[in-house]
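Engineer: Provided herewith is a single structure, encoded as structure tokens, for subsequent inquiry.
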Amino acid sequence: MCTLEKRGDLFLLTLTGDGEHRFNPDTIASILSLLDQAKSQSTRGSVLITTAHGKFFSNGFDLAWALAAGSKTGAAERLHQMVELFKPVVAALLDLPMPTIASLNGHAAAAGLMLALSHDYIFMRKDRGVLYMSEVDIGLSMPDYFSAMVRAKIGTSAARRELLLSGKKIRGEEAAGLGIVDSAAHDSAEGVVEATVRLGEKLAARKWSGEVYASIRKSLYPELCGILGLEATIFANPKL
Amino acid sequence: MCSLEKRGRLFLLKLTGEGEHRLNPTLLDAIRSAINQIRSDPSSSQSVLITTADGKFFSNGYDLALAERDPSLRFPMDAKLRSLVADLISLPMPTIAAVTGHASAAGFILAMSHDYILMRRDRGFLYMSELDINLPVPAWFMALIRVKIGSPAARRDVMLTAEKVTADRGLEMGIVDSAHGSAAETIEAAVKLGDGIVRVGFDGHVYGRIRETLLREVLHTLGSNESASTGVRNSGSKL
């Protein structure tokens, strides 16, 4: 399902296997547990890089699991459950005491794109993979924290419209142009991973205090943090 | 500490001397007194303020060494800077920061409290240093950052990489309005900009009110009791 590996200062969280890495209660619990592990092992200079195997970064919630409830109300309940269970994943990433980088090997849709957006930096491939907010196409409304994330991380109204209201599958170059991702310069999964590792090492070398980092990060997104119930707390004695 | 000069309809406020122009209570009082003088000038609603500084620094932020020696000064330093920024936001005239040297942390905030930032490109940078020196960032600093820096990526770069932003990078990020070859050229450009604005001739009082609405969120957090990020209670943090 997912693994956590340590390479020097870098924590590598990988969604494993060749599937769509969809989120259901089990996979969500695994991710949360690994994020918790990274948090407990973090030191000054730690950095998290999240990536996945195969064609998908993540294709969002496990709608098949929702439908397997057998009834319309059952499916709606399961979907609602996943929406609620996923919130702590987003909160954990916003609260994580270290810089975070999403290394997109492939498609990121709906909740999968939310996972990516929950990171400080997003790198994606130039040649493959799209970003897609499918909700407008499949007739689903958007959870409040999804919209808050889009407002927090995506600056122009044109970009927000393209992402949420056009049903567009946005490729790397366009995503970078819209300011949704930081880079779409690489033509392979390996290229992206390498680039994110390089950035990770650069950030790690600054040896920032994770508590300070997380506190400043949260203060960048007060609306989103409010919805997630994340309060910025105070910390640390200054170096002076 | 600071000088005030009038050139036609332009007020030139200068942080004087070759030091770091650290925002200690004395300097803050001097600047606020100059602002009061400007306000009470009869031609103020048809004027423009240009703020600049001598030497290598625009301002290197709060006087942290002073706060270390005398922690009772932390609160007044923060309170006086808040008052100054509130004054600048309500000032009935356009304001231009001619950034002729480094502007760090509270010094960067002071620059950003102006409507225009003109900066030299040959030297100096804008720098939110807090991440590098383990300091909390006051909530009202963040409110100003959010309003003045439009791109989420630029805000992240400023706050979460503690980037030392040169004038050209500032232009890219939309923080700096124009970049110039030297300190003298920056001031000259500020004067030219100021003169141009004066020629257009709008009512400074209306201008000030419109600016207040634009920066309403900042004024709101300026007035709040928070001394750092939301939920702060730890007095172990130092300015």
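Engineer: How shielded is A:201-209 by partner chains, expressed as the average number of their Cβ atoms within 10 Å of its Cβ atoms?
Structural biologist: 2
Engineer: Still on this structure: Could you tell me how far the Cα centroid of the stretch A:70-131 sits from the Cα centroid of the stretch A:147-182, in Å?
Structural biologist: 15
Engineer: Roughly what would the spin-label model give for A:Asp137 and A:Ser71, points 7 Å off Cα along C-beta, in nm?
Structural biologist: 3.1
Engineer: I'd like the FRET efficiency for B:His220 and A:Arg151, computed as 1/(1 + (r/R0)^6) with the beta carbon distance as r and R0 of 22 Å, rounded to 0.05.
Structural biologist: 0.75
Engineer: Taking just the alpha-carbon atoms of the stretch A:2-228, what radius of gyration and Dmax come out, in angstrom?
Structural biologist: When restricted to Cα atoms, the stretch A:2-228 yields Rg and Dmax of 16.6, 53 Å.
Engineer: Rank A:Ala64, A:Ala92, A:Ala111 by mean-square fluctuation in a GNM of chain A with C-alpha springs under 10 angstrom and give only the top-ranked residue.
Structural biologist: Residue with maximal mean-square fluctuation among A:Ala64, A:Ala92, A:Ala111: A:Ala64.
Engineer: Moving on. Which order results if B:Met119, A:Met133 are arranged by neighbouring Cβ count within 10 Å, fewest first?
Structural biologist: Fewest-to-most Cβ neighbours within 10 Å comes out as A:Met133, B:Met119.
Engineer: Which angle between 0 and 90 degrees, to the nearest 10, do you get for helix B:139-148 versus the longest principal axis of chain B when only C-alpha atoms count?
Structural biologist: Roughly 40 degrees between the two axes.
Engineer: Counting only DSSP beta bridges with both residues in the protein assembly as shown, tell me the antiparallel percent, nearest 5.
Structural biologist: 30
Engineer: Pick out which of A:Thr16, A:Thr100, A:Thr50 has the largest mean-square fluctuation in a Gaussian network model of chain A, springs linking Cα atoms closer than 10 Å.
Structural biologist: For chain A, modelled as a Gaussian network with Cα springs under 10 Å, the answer is A:Thr16.
Engineer: For every helix of n ≥ 4 consecutive DSSP H residues, a contribution of -39,500 (n - 2.57) applies; sum these over chain B, divide by its total residues, and give [θ] at 222 nm rounded to the nearest 500 deg cm²/dmol.
Structural biologist: Taken over chain B, the calculation gives -13500 deg cm²/dmol.
Engineer: Out of the DSSP beta bridges found with both residues in the stretch A:2-228, what percent are antiparallel (nearest 5)?
Structural biologist: 30
Engineer: Which is the longest stretch in chain B that no exposed loop site breaks, taking sites as trypsin sites (Lys or Arg not before Pro) with a DSSP loop state and at most 15 other Cβ atoms within 10 Å?
Structural biologist: After excluding every exposed loop site, the longest remaining stretch is B:1-122.
Engineer: Binned at 10 Å from 0, what are the whole-percent values of the Cα-Cα distance distribution for the stretch B:2-200, short to long?
Structural biologist: Per 10 Å bin, starting at 0, the Cα pair percentages come out as 9, 38, 38, 13, 1.
Engineer: Still on this structure, please answer the following. Step through the residues of the stretch A:189-194 one at a time and calculate ³J(HN,Hα) from phi using the Karplus curve (6.51 cos²θ - 1.76 cosθ + 1.60, θ = phi - 60°), rounding each to whole Hz and writing x for Gly and Pro.
Structural biologist: Once rounded to whole Hz, the list reads 4, 4, x, 5, 4, 4.
Engineer: Let me ask another. Using a 10 Å cut-off around each Cβ, can you sort B:Asp63, B:Asp87 from fewest to most neighbouring Cβ atoms?
Structural biologist: The fewest-first ordering by Cβ neighbours comes to B:Asp87, B:Asp63.
Engineer: Computed over the Cα atoms of the stretch A:3-80, what is the convex hull's projected area averaged over all directions, in nm²?
Structural biologist: In nm², the orientation-averaged hull projection of the stretch A:3-80 is 5.8.
Engineer: If you don't mind, another one. Please report the antiparallel percentage of the DSSP beta bridges confined to the stretch B:2-200, to the nearest 5.
Structural biologist: The antiparallel fraction comes to roughly 30 percent.
Engineer: Output wanted: per-residue J couplings in Hz (rounded whole) for the stretch B:22-31, from phi through Karplus 6.51 cos²θ - 1.76 cosθ + 1.60, θ = phi - 60°, x for Gly and Pro.
Structural biologist: Coupling constants for the stretch B:22-31: 5, 7, 9, x, 5, 5, 4, 4, 5, 5 Hz.
Engineer: Could you bin all the Cα-Cα distances of the protein assembly as shown into 20 Å bins starting at 0 and give me the percent of pairs in each, rounded to whole numbers?
Structural biologist: Pairs per bin, as whole percents: 23, 50, 24, 3.
Engineer: Over chain B, what is the relative contact order in percent, taking alpha-carbon pairs closer than 8 angstrom and at least six residues apart?
Structural biologist: Relative contact order for chain B comes out at 23 percent.
Engineer: What number, in percent, do you get for the relative contact order of chain A if the mean sequence gap of Cα pairs under 8 Å and at least 6 apart is divided by its residue count?
Structural biologist: Result for chain A is 22 percent.
Engineer: Go ahead and estimate [θ] at 222 nm for chain A from helices alone: -39,500 (n - 2.57) per DSSP H run with n ≥ 4, summed, over the residue count, rounded to 500.
Structural biologist: Helices in chain A give a 222 nm mean residue ellipticity of -14500 deg cm²/dmol.
Read-outs throughout are calculated quantities, based only on the coordinates presented, and are distinct from any laboratory measurement. This one's a predicted model, so the numbers in the text were calculated from it and none came from an experiment. FYI the Cβ positions are ideal-geometry reconstructions off the backbone, even for glycines, and counts take in every protein chain you see.
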